[in-house]
Amino acid sequence: MKTPDRARVETHDEAPSTTVEELAPLYRQMLAIRRLEEASAKAYSQGKIGGFLHLIIGQEAVCTGAIAALEPEDYVVATYREHGHAYAKGVAARPILAELYGKKTGLVKGLGGSMHLFDRATNFLGGYGIVGGHVPIAAGAAFASKYRGDGRVTLCFFGEGASTIGGFAEGLSLAALWKLPVVLICENNQYSMGTPLYRSLAVEDVSMRALAHGMPRDRFDGDDVIKVKRRIAEAVERARETGEPSLVEVITYRFRGHSMSDPGLYRTKDEVEEWRRRDPLNRARARLVDLGMSEEKLAALEEDVKAEIEDAVRFAEESPPADDYLSYVEKV
């Protein structure tokens, strides 16, 4: 089944200007997220990772570009598809993979797993498994920033399926009413689990929900990491300077199923291949070549990423298993 064209955003504007110095670190980050997710998928298929595993492969430009628009002290709240968001916020690959493996060296001591990463040191305020339930949490973090006057901005990521949930409506309403410094980012990857947009949303433009609250909105495709950074930066600056929230919808696509247990048979091969031709990693790499980065430097960057993820896998596999929950509680 093919997603109707009206659900897509096709843009023909020129790519935002950039430099090798700006784009190369973002490409490296996206590539590391891709390799991290691929390593996670392999470990899951080998039985080394249990529970649920939701991969972000194909959507890397959204979290990478959006979080690049933040200051280190700003907050990020994410969904259960959050490995890439944690990495983009500054969490190292080692504790992320160790957490997925259920190891004591994991981000939350191996007790949270894939859907519940959290890191206070980087102000990554967590991945949440309840669809839409984290939007009011993000509003709460933004309210705390406004109350303290600390100048921080909160980014809240959610899928288009969450826009039909009560928690989303509540968070949106409070953000607008109280003028909270939060940017609500809908990562519209075309499918709510296996349900396509046109079967779940009467109005497929999620950003239009901002109009009911007098809130600024934006909507654009998420294949270009620099475009994502620029457009989210506008909303972040508005939130920081005026305390005004925004609702931003970024059109993207996941190349794999909803989770590792989903073969994605509800999509045609042609549809997936069409979106693979828009792969944000390939686009960024080609742009770097156009900007004058040599193949030798690109190869060195890619080899560095490979070594980083291989090291993280070894670290996770060699780390001791997590304590059981009751033992952990007794210790703290």
- Task: Determine, from the Cβ-Cβ distance of Glu38 and Asn282 and an R0 of 22 Å, the FRET efficiency 1/(1 + (r/R0)^6), rounded to the nearest 0.05.
- Result: 0.90
- Could you put Arg254, Arg278 in order, starting from the residue whose Cβ has the fewest other Cβ atoms within 10 Å? Arg278, Arg254
- Query: How far apart, in nm, are two points set 7 Å out from the Cα along the Cα-to-Cβ line at Trp178 and at Ser45?
  - Reply: 4.6 nm
- Kindly write out, for region 272-283 in residue order, the coupling ³J(HN,Hα) from the Karplus curve 6.51 cos²θ - 1.76 cosθ + 1.60 (θ = phi - 60°), rounded to whole Hz, with x marking Gly and Pro. 5, 5, 4, 6, 5, 5, 9, 3, x, 5, 5, 5
- Task: Taking the Cβ of Tyr44 as the centre, find all other residues whose Cβ is under 12 Å away and add up their charges (Lys, Arg: +1; Asp, Glu: -1).
- Result: +1
- Task: Quote the relative contact order of the chain in percent (integer), defining contacts as alpha-carbon pairs under 8 Å separated by 6+ residues.
- Result: 26 percent
- Item | Ranked Asp150, Asp262, criterion: other C-beta atoms within 10 Å, fewest first | Asp150, Asp262
- Residues whose modelled amide H sits under 5 Å from the amide H of Met115, counting only those 5 or more places away in sequence or on another chain, are none
- Note on the structure: Of all DSSP beta bridges having both residues in region 184-332, the percent classed as antiparallel (nearest 5) is 15 percent
- Message: Based on alpha-carbon centroids, what's the gap between region 40-90 and region 123-175 in Å, whole number please?
- Response: 17 Å
- Task: Could you list which residues have their amide H under 5 Å from that of Leu155, counting only those 5 or more apart in sequence or on another chain, with H placed in the peptide plane?
- Result: Tyr75, Val76, Val77, Val183
- Message: In whole Hz and in residue order, list the ³J(HN,Hα) couplings for region 127-134 that follow from phi through the Karplus curve 6.51 cos²θ - 1.76 cosθ + 1.60, θ = phi - 60°; x for Gly and Pro.
- Response: x, 10, x, 8, 4, x, x, 8
- What are the ³J(HN,Hα) values, in whole Hz, obtained from phi via the Karplus relation 6.51 cos²θ - 1.76 cosθ + 1.60 with θ = phi - 60°, for each residue of region 32-37 in sequence order, with x given for Gly and Pro? 5, 5, 4, 5, 4, 5
- Task: Counting only DSSP beta bridges with both residues in the chain, tell me the antiparallel percent, nearest 5.
- Result: 15 percent
- How much length, in nm to one decimal, is gained on full extension between Asp205 and Ser294, taken as 0.36 nm per residue of separation minus their Cα-Cα distance? 28.0 nm
- Message: How would Val131, Val225 line up from fewest to most surrounding beta-carbon atoms within 10 angstrom?
- Response: Val131, Val225
- Message: Expected output is a single nm value to one decimal: the length gained when fully extending between Arg314 and Tyr266, i.e. 0.36 nm times separation in residues minus the C-alpha distance. What is it?
- Response: 13.7 nm
- Query: Near Leu298, within a Cβ-to-Cβ distance under 13 Å, what is the net charge of the other residues, with Lys and Arg +1 and Asp and Glu -1?
  - Reply: -1
- Pairs of lysine in region 19-327 with Cα under 16 Å and at least 8 positions apart or on different chains: total? 6
- Would you mind checking which residues have amide H under 5 Å from Tyr80's amide H? H placed 1.01 Å from N; only 5 or more apart, or other chain. Tyr128
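Just so you know, all these numbers are worked out from the coordinates, no wet-lab data involved. Only a predicted model underlies this, so the values are computations on that prediction, with no experimental measurement involved. For neighbour counting, all protein chains shown are included, and Cβ atoms are generated from backbone atoms with ideal geometry for every residue, glycine included.
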